[in-house]
Amino acid sequence: MVAHAASKASKQAAPDTAPHGAHGDAAAASFAALTHRLDYLEPADAKRVREAYKYADEAHLGQFRASGEPYITHPIAVAGLCAEWKLDAQAIMAALMHDVMEDSGATKVDLIEKFGAPTAELVDGLTKLDKLQFSTREESQAESFRKMLLAMARDVRVVLIKLADRLHNMRTMEAMPAAKRSRIAQETLDIYAPIAHRLGLNQIYRELQELSFQYLRPWRFAALAKAVQRARGHRRDIVERIHNDVVRAFAEAKLEVQIFGREKTLFSIYNKMHEKHLSFAQVNDIFGFRVVVPALPQCYLALGVLHQLYKPMPGRFKDYIAIPKANGYQSLHTTLVSPLGTAVEFQIRTESMHLVAEKGIAAHWLYKASDSGSVTEAQRAGTVSLQSLLDIQDETRDSAEFLEHVKVDLFPDAVYVFTPKSKILALPRGATPVDFAYAIHSDVGDHTVAAKVNGEQVALRTELRSGDVVEVITAPVSRPNPAWLNFVRTGRARSKIRHYLKNMRQEESLELGEKLLAQAMRAEGLQMPTGDETAGPDTALWQGLVRWSGNRGRRELLIDIGLGKKIATIVAKRLAKLMAEAGARPDALTLSMSRYLTDDSMPTQSMVTLDGSEGATVQMATCCRPIPGDAIVGYLGRGEGLVAHTSECQVGKRLFQRDSERWIAVEWSEEPQRMFDTAVGVLVQNSKGVLAKVAQAVSEAEADITHIDMGHDPGQATIDLKLLLAVRDRVHLAHVLRTLKRSPLVLRAGRVKPQ
């Protein structure tokens, strides 16, 4: 795992002169401190933990951290953090042994035999992928993170131990080189702190952020720490006065509460200053208060007492009790104006809410429930909380793309919206109805055509706000639009859309590749073999061809042909050679028909026929923008699919001279399935309403303007408009141009030809 990058980097071989006795005493002393924290375990469980410690101690014998301490002190510290959450014996044992599979050559089978399958599963989930070779650090990080997610799906204790591991590494990084400290701190800030937040582990979340900030921005951290220290002295009187006023108000209301002071972390102060361009003096909510009450109804009573004491700031009240955060956090937040004019934030919650707020999902173990049901519920809650991450790792196979999705999905700032049936969904800030649709189900997202927010139809790119009621309208024929990738915010939506588009592109490329290879085979006087490399009468032929091409199968080979990565004529010649070796002979009729059919004067169905429904694998070149009726040729770009150019296009002619074997015969279908864009230049008199009159003329001719450019010189007597028009064919374009020329304000109109 990435966390192990820190622990492994801080580990080194023991020198021959290492004072083993002293280090051994230090390790024993730290384990003795751990045993005092394990008093909540049964004696039999405590004994098993001791056995795990002995096993780990032997595995790490002779290994030292960069600080000079025995390496075993790190697993003991990780186990100590897990003991603070009162995790069970299996989790404590796994924490002690989380590096033994890496360092001692121990196998999962060894651990199953000695400590049982559940503990071995936890250790395996925590072991990083050292044996695999990765091309980049980012790929290694993403693949390791995948494994953690998969283990997390089975048992949320994996991520709790992992976070404890990372926290201790962050606390003990002083001895490491500055470059490594910065890299590990950035990984922590990008991945681990947001996961802690997602699981509601606010104490760890804040500490990981603070430590990362300290290593990434040491000078700013030190400057802010001094500023907060000074502010603490300056504002002590104000804080004490507010505290006394609040205590007196609750005493008069006869409400039993616990009041705690709360100080904003240096990282959150820095973030607020950076995002809102504030000076330190302008950040007025550095100090706040937390009010803990015995029961839920008293939260709202306490809120009333505070609002009677000081005036609340409008728009600064949030009820996370009625609408909890996605990680289970519940509290009332209100910001009040003190008598001195300073803003003071209060958080009001019950004791159980406070436990969940600080410990998150780990709080389930702190209840010390004797039945296993609560543990199962905790695991279920953790799995649900991170379900979107698991969905992303199912959809995404590219490591860099996967890590990008994860970072987006872990973005902690959320909006809370409602389904028409009043179910609450938490989405990242800036999320759109498309994100909402994919959050409900991937099928809903894939077939989305429109959306309503609070009963009114809105654009799919509309940003949602907390409290919106969102309704998605679907249609069976609708498919994901590549343009959605420009505005969706959740990693789940982004990965689902890309996954669909990738599959759709492959299917279209497969169909085009089959057409191209069949056409090339007819030119060799042969019919395409049937079956594939696994079944059918021509299995041996396909196996030989696939081996020659380096593809994994017939399907992949045909997709490569459709994408232009392989040339159909070259593949056909190799296949023809294999067929000749098997005894096949060219058919004279097929050969002569092929030559007749590919004659330029007689385009027929042997050519690739375009009707506009081909999808992403066939594109119209933007240099010449061909439309039905134009004479066209097809260029197979490397990995781009088929690009159609007009036969007069100069760009196309240069490509032909450089790469002639990549050109194929194409023709238009008699019934195109859509409109096609073409460029038109219109010279008009510069007068009031001229643009509206041009648009009206285009509309009368039943065409659409998809883009317009008016230039940057409005003071001239004439304006040269450049329009992108969607038309059916050349006949339709001619009708549009005639309609435009009839307008008295239009001086000239014509199709723009590529230079």
Name, by its number, the condition in (1) assigned by TED's automatic domain parsing to the domain that holds Val727; (2) buried (at least 21 other Cβ atoms within 10 Å of the Cβ) that does not hold for Ile627.
-> (1)
Considering the range 273-289 alone, what residues qualify as being surrounded by fewer than 18 Cβ atoms within 10 Å (Cβ to Cβ) and either among the hydroxyl-bearing types (Ser, Thr, Tyr) or touching a residue at least 12 places away in the same chain (Cβ under 8 Å) (or both)?
-> Ser279, Phe280, Asn284, Asp285
Hits in the range 171-222 (condition: charged (D, E, K, R) and part of a loop (DSSP other than H, G, I, E, B)) | Glu174, Arg217
Out of curiosity, is Asp245 in a helix (DSSP H, G or I) and under 30 Å from Ala426 (Cα atoms)?
-> no
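Here is a list: His74, His60. Which entry is at pLDDT 85 or above, in the same structural domain as Arg183 (by TED's automatic domain parsing) and in contact with a strand residue (DSSP E or B) (Cβ under 9 Å, 6 or more places away or on another chain)? Before you say what the answer is, go through the steps one by one.
Values: His60 fails: at pLDDT 85 or above.
Residue meeting the stated conditions: His74.
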Would you tally the residues in the range 475-488 being at pLDDT 85 or above and either within 18 Å of Pro428 (Cβ to Cβ) or buried (at least 16 other Cβ atoms within 10 Å of the Cβ) (or both)?
-> 4
Inside the range 736-755, can you point out the residues that are surrounded by 14 or more Cβ atoms within 10 Å (Cβ to Cβ) and part of a helix (DSSP H, G or I)?
-> Val736, Leu737, Thr739, Leu740, Lys741
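Might you check whether a residue that is assigned by TED's automatic domain parsing to the domain that holds Trp85, over 32 Å from the mean Cα position of the chain (by Cα) and either touching a residue at least 24 places away in the same chain (Cβ under 8 Å) or over 22 Å from Lys272 (Cβ atoms) (or both) occurs anywhere in the range 175-186?
First, the residues of the range 175-186 that are assigned by TED's automatic domain parsing to the domain that holds Trp85: 175-186.
Checking which are over 32 Å from the mean Cα position of the chain (by Cα) leaves us with 175.
Remaining after also requiring either touching a residue at least 24 places away in the same chain (Cβ under 8 Å) or over 22 Å from Lys272 (Cβ atoms) (or both): 175.
Within the range 175-186 (the criterion being assigned by TED's automatic domain parsing to the domain that holds Trp85, over 32 Å from the mean Cα position of the chain (by Cα) and either touching a residue at least 24 places away in the same chain (Cβ under 8 Å) or over 22 Å from Lys272 (Cβ atoms) (or both)), the answer is yes, since at least one residue qualifies.
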Look through the range 700-711, keep the residues that are more than 19 Å from Gly629 (Cβ to Cβ) and of a type in the set (Asp, Glu), and return whichever of them is modelled with the highest pLDDT.
-> Glu700
Per the filter on the range 290-342, residues in contact (Cβ under 8 Å) with a residue 24 or more places away in the chain, of a type in the set (A, V, I, L, M, F, W, C) and not in a helix (DSSP H, G or I) are Val291, Val292, Val293, Ala295, Met313, Ile321, Ile323, Ala326, Leu332, Leu336, Val337, Leu340
Could you list, in sequence order, all residues of the range 132-170 that are at pLDDT below 85, hydrophobic (A, V, I, L, M, F, W, C) and in a helix (DSSP H, G or I)?
-> Ala142, Phe145, Met148, Leu149, Leu150, Ala151, Met152, Ala153, Val158, Val159, Leu160
Please work out if Ile632 is of a type outside the set (Gly, Ala, Ser), closer than 19 Å to Leu512 by Cα, in contact with a strand residue (DSSP E or B) (Cβ under 8 Å, 6 or more places away or on another chain) and surrounded by 14 or more Cβ atoms within 10 Å (Cβ to Cβ).
-> yes
Phe656 meets each of (1) under 21 Å from Gly612 (Cβ atoms); (2) surrounded by fewer than 18 Cβ atoms within 10 Å (Cβ to Cβ); (3) of a type in the set (Phe, Trp, Tyr) with one exception, condition (1)
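Which of the residues spanning the range 536-579 are of a type in the set (Asp, Glu) and closer than 15 Å to Glu511 by Cα? Steps first, please.
The initial filter retains those residues of the range 536-579 that are of a type in the set (Asp, Glu), namely 538, 556, 560.
Passing the criteria: Glu556, Asp560.
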Which numbered condition Gln696 fails, given (1) of a type in the set (S, T, N, Q); (2) crowded, with 16+ Cβ neighbours inside 10 Å; (3) in a helix (DSSP H, G or I) | (2)
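Select from the range 90-105 the residues that are crowded, with 20+ Cβ neighbours inside 10 Å and more than 31 Å from the chain's Cα centre (by Cα) and write down the one among them that is modelled with the lowest pLDDT. Don't jump to the end; show me each part of the working.
First pass over the range 90-105, keeping only residues crowded, with 20+ Cβ neighbours inside 10 Å: 90-101.
Filter again for more than 31 Å from the chain's Cα centre (by Cα), leaving 90, 92-93, 96-97, 100.
On the way: Gln90: 87, Ile92: 89, Met93: 90, Leu96: 89, Met97: 87, Val100: 82.
Among those residues, the one meeting the criterion is Val100.
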Can you work out which of the residues in the range 668-693 that are assigned to a helix (DSSP H, G or I) and in contact (Cβ under 8 Å) with a residue 40 or more places away in the chain is surrounded by the fewest Cβ atoms within 10 Å (Cβ to Cβ)?
-> Lys693
Please tell me if Val228 is buried (at least 17 other Cβ atoms within 10 Å of the Cβ), modelled with pLDDT under 85 and not assigned by TED's automatic domain parsing to the domain that holds Gln347.
-> yes
Which one of the conditions (1) surrounded by fewer than 16 Cβ atoms within 10 Å (Cβ to Cβ); (2) outside any strand (DSSP E or B); (3) in contact (Cβ under 8 Å) with a residue 60 or more places away in the chain does Leu733 fail to meet, given that it meets all the rest?
-> (1)
Where Gln543 falls short, out of the listed (1) touching a residue at least 24 places away in the same chain (Cβ under 8 Å); (2) assigned to a helix (DSSP H, G or I); (3) surrounded by fewer than 23 Cβ atoms within 10 Å (Cβ to Cβ) = (1)
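Results for (1) outside the structural domain of Ile561 (by TED's automatic domain parsing); (2) more than 30 Å from Glu511 (Cβ to Cβ); (3) small (Gly, Ala, Ser); (4) at pLDDT below 90, shown as yes or no for each residue.
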{"position": "Val643", "(1), (2), (3), (4)": "no, no, no, yes"}
{"position": "Phe656", "(1), (2), (3), (4)": "no, no, no, yes"}
{"position": "Gln685", "(1), (2), (3), (4)": "yes, yes, no, yes"}
{"position": "Leu691", "(1), (2), (3), (4)": "yes, yes, no, yes"}
{"position": "Val698", "(1), (2), (3), (4)": "yes, yes, no, no"}
{"position": "Asp713", "(1), (2), (3), (4)": "yes, yes, no, yes"}
{"position": "Ile719", "(1), (2), (3), (4)": "yes, yes, no, yes"}
{"position": "Ala734", "(1), (2), (3), (4)": "yes, yes, yes, no"}
{"position": "Pro744", "(1), (2), (3), (4)": "yes, yes, no, yes"}
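Examine the range 204-224 for a residue that is at pLDDT below 85 and assigned by TED's automatic domain parsing to the domain that holds Tyr71, and state whether such a residue exists.
No: zero hits.
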Check the range 546-554 and report whether any residue there is at negative phi, surrounded by fewer than 19 Cβ atoms within 10 Å (Cβ to Cβ), over 32 Å from the mean Cα position of the chain (by Cα) and not in a helix (DSSP H, G or I).
-> no
Go through the residues of the range 663-680 one by one and say whether even a single one is within 17 Å of Ile632 (Cα to Cα), in contact with a Phe, Trp or Tyr (Cβ under 8 Å, 6 or more places away or on another chain) and not aliphatic (A, V, I, L, M).
-> yes
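Restricting to the range 555-590, name every residue that is of a type in the set (Val, Ile, Thr) and under 42 Å from the mean Cα position of the chain (by Cα). Please lay out each step first, then the result.
Step one: of the range 555-590, the residues of a type in the set (Val, Ile, Thr) are 559, 561, 567, 569-571, 590.
Correct list: Ile559, Ile561, Ile567, Thr569, Ile570, Val571.
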Here are some residues: Met607, Met602, Met593, Met620. Which one is at pLDDT 85 or above, in the same structural domain as Leu516 (by TED's automatic domain parsing) and not basic (Lys, Arg)?
-> Met620
Looking only at the range 61-73, which residues are surrounded by 24 or more Cβ atoms within 10 Å (Cβ to Cβ) and not β-branched (Val, Ile, Thr)?
-> Pro70, Tyr71
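The values are calculated or read from the model by the stated rules, or taken from the named source; none is laboratory data. Keep in mind that what you see is a predicted model, and the values were worked out from it rather than measured. No Cβ is skipped: glycine too gets one built from the backbone with ideal geometry, and neighbour counts run over all protein chains shown.
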